[in-house]
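Novice: First the structure, then my questions, so here it is.
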Amino acid sequence: LVDAEVVGTLNFVSPEARPGGFSASERDLIEVMGQAVGRRIEADRATDAERDARERYRTIVETVDSGVIVVDADLRVIMSNPSARTFLGLSEPGGGEGETDHMADRWPMIDADGQPVTPEALPESEVMRTGTPVRGVIQGVTPPGEPTRWYRVNATPIDQDRDGTPEVVVVSFHDVTDFREMTR
């Protein structure tokens, strides 16, 4: 049985005829084996469903105009979408997976008032510390030799092992440079 549905049968035979059939303990063993096979099928289905969901989310993230990065507990970028790589000039090793760029070391970041932002004050740092999402933070990034670009930043914790401590933070940022200049 898998999800209360019969998905197959297991057939056991003895090399020698047995007038009394299998013993009670042998039947119990067969039942345990059948349950193990059912659990394996359920686990495989769950793994397939998780892989499919990840692929759907990846497709969505890859197509949005906003930049999306995933940072680890050390604030290293471990994944980014094409918009993030364009906005922030990130490299794309392994198709965006396994990046080890450390944004706070790379380019100066400033807050909405133009004051430098330390790594500890970044939205992703706050999310790592508190486990609480941060929304709508205005932050500037100044690439070398270029004008400051302004972003509205959202950061959300991901607690993969559900132990109450986020392992990674998903950070999305939308370029608001033109809007900021227009409102000034």
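Novice: If you take the beta carbon distance between A17 and R45 as r and set R0 to 41 Å, what does 1/(1 + (r/R0)^6) give as a FRET efficiency, to the nearest 0.05?
Specialist: Values: r = 38 Å, r/R0 = 0.94.
Between A17 and R45 the formula returns 0.60.
Novice: Please identify, among R162, R27, R58, the residue showing maximal mean-square fluctuation in a Gaussian network model of the chain using a 10 angstrom Cα cutoff.
Specialist: Result: R27 has the largest fluctuation of those listed.
Novice: Here's another thing I want to ask about it. Over the chain, one equal point on each Cα, no solvent: what is log10 I(q)/I(0) by the Debye formula at q = 0.09, 0.13, 0.14, 0.18 Å⁻¹?
Specialist: Each listed q corresponds, in turn, to -0.49, -0.74, -0.82, -1.19.
Novice: Using heavy-atom solvent-accessible surface (probe 1.4 Å) with all chains present, what is the largest-first order of R149, R184? Numbers along the way, then the final one.
Specialist: Numbers: R149 80, R184 185 Å².
So, going from the largest accessible area down, we get R184, R149.
Novice: What 222 nm value per residue comes from the helices of the chain, counting each DSSP H run with n ≥ 4 as -39,500 (n - 2.57) and dividing by all residues, nearest 500 deg cm²/dmol? Walk me through the numbers before you get to the answer.
Specialist: Working: 5 runs with 66 residues, N = 184.
Calculated at 222 nm, the ellipticity per residue is -11500 deg cm²/dmol.
Novice: Next question, about the same structure. If the chain between A24 and D74 were fully stretched, how many nm would it gain, using 0.36 nm times the residue separation less the Cα-Cα distance? Don't skip to the answer; put the middle values down first.
Specialist: On the way: separation 50, 0.36 × 50 = 18.00 nm, distance 5.68 nm.
Here the segment from A24 to D74 would lengthen by 12.3 nm.
Novice: Restricting to Cα pairs below 8 Å that are 6+ residues apart, what does the relative contact order work out to for the chain? Please round to a whole percent.
Specialist: Details: 254 pairs, mean separation 29.3, N = 184.
Reported as a whole number, the value is 16 percent.
Novice: On full extension of the chain, what length is gained from Q160 through Y57, given 0.36 nm per residue of separation minus the C-alpha to C-alpha distance? Please report the intermediate quantities before stating the final value.
Specialist: Values: separation 103, 0.36 × 103 = 37.08 nm, distance 1.56 nm.
Answer, rounded to one decimal: 35.5 nm.
The values are calculated or read from the model by the stated rules, or taken from the named source; none is laboratory data. The structure displayed is predicted, hence computed values, not measured ones. We place every Cβ from the backbone using ideal geometry, glycine too, and count neighbours over all the protein chains shown. Heavy atoms of the whole protein, side chains included, go into the accessibility calculation; ligands, DNA and RNA do not. Shrake-Rupley method; radii C 1.70, N 1.55, O 1.52, S 1.80 Å.
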